[in-house]
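Presented below is the structure to which this report refers.
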Amino acid sequence: MSEYYRFLADRIVEIVQNVNAKSICDYGCYTGELLMELQKRLPDNTRYTGIDFFGKYSIEGKQPDTGPVMEYIDRDSTEYSELSHEPPFDLIISTAALHHYRCPIRELDSIQQLIQPDGHLYIADFNRRFTSNAEITKNVLCFFEELLASIRGKFHHHHYSLEQAN
């Protein structure tokens with residue numbers, strides 16, 4: 001488990017306790033690490049759902065394992081399209097995912113359809129600030145890596161400044 005997911009889990013547990021969330025969705029869950037970390041820390045009656053483009057981008061070759069209180073739904077599936085008929089989630093979290101979406105406003109609209117009227121949304125994404133030439137050089141090299149990845153069909157669609165995200 002990475003430090004990033006442990007750090008996020010600490011913050012999200014506080015939010016869950018403050019809003020008394022019983023159903024949590026990680027929108028853009030990737031391999032489900034954050035949900036698994038939350039499951040260790042929250043009450044047994046909490047329900048977890050991870051949503052991602054599992055089929056399209058073949059994340060780690062397959063969807064994460066499910067369990068009695070944890071399910072994973074492919075964003076392109078009919079199961080996903082049925083979710084918005086009755087908003088099922090008290091809390092939706094989306095971490096390090098917003099910059100992946102080709103049409104982020106459309107994804108945010110989709111997320112809104114999944115939140116109960118008195119529900120909550122927690123979005124966290126990256127903000128880079130460069131303080132040295134070495135960091136700028138490293139970022140340029142990362143750009144070339146992403147360019148090669150995009151040729152293979154796996155890429156970040158957008159990078160946002162803090163002002164753009166706000």
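Taken together, the values in this text are just the output of simple stated rules run on the coordinates, not laboratory data. What you see is a predicted model, and the numbers here were worked out from it, not measured in a lab. Glycine also receives a Cβ, built like all others from the backbone with ideal geometry; neighbour counts cover every protein chain displayed.
Amide H to amide H distances under 5 Å link ILE73 with GLY50, ILE51, ASP52, where only residues 5 or more positions off or on other chains count and H is placed in the peptide plane.
Note that the stretch 108-122 has calculated 3J(HN,Hα) couplings of 5, 4, 5, 4, 4, 5, 9, 8, 4, x, 9, x, 9, 10, 10 Hz, one per residue in order, obtained from phi through the Karplus relation 6.51 cos²θ - 1.76 cosθ + 1.60 (θ = phi - 60°); glycine and proline are x. Amide hydrogen proximity for ASP125: with H placed 1.01 Å from N in the peptide plane, the residues at 5 or more positions away or on another chain lying under 5 Å are ALA96. For the stretch 33-40, the Karplus equation 6.51 cos²θ - 1.76 cosθ + 1.60, evaluated at θ = phi - 60°, returns couplings of 4, 5, 4, 5, 5, 5, 4, 5 Hz by residue, with Gly and Pro reported as x.
Computed 3J(HN,Hα) for the stretch 14-21, one whole-Hz value per residue from the Karplus formula 6.51 cos²θ - 1.76 cosθ + 1.60 where θ = phi - 60°, is 4, 5, 4, 5, 5, 9, 6, 6, glycine and proline marked x.
Length gained on full extension, ILE15 to SER81, computed as 0.36 nm times the residue gap minus the Cα-Cα distance: 21.1 nm. Spacing of the modelled spin labels on ASP74 and ILE105, each 7 Å from Cα toward Cβ, amounts to 3.0 nm.
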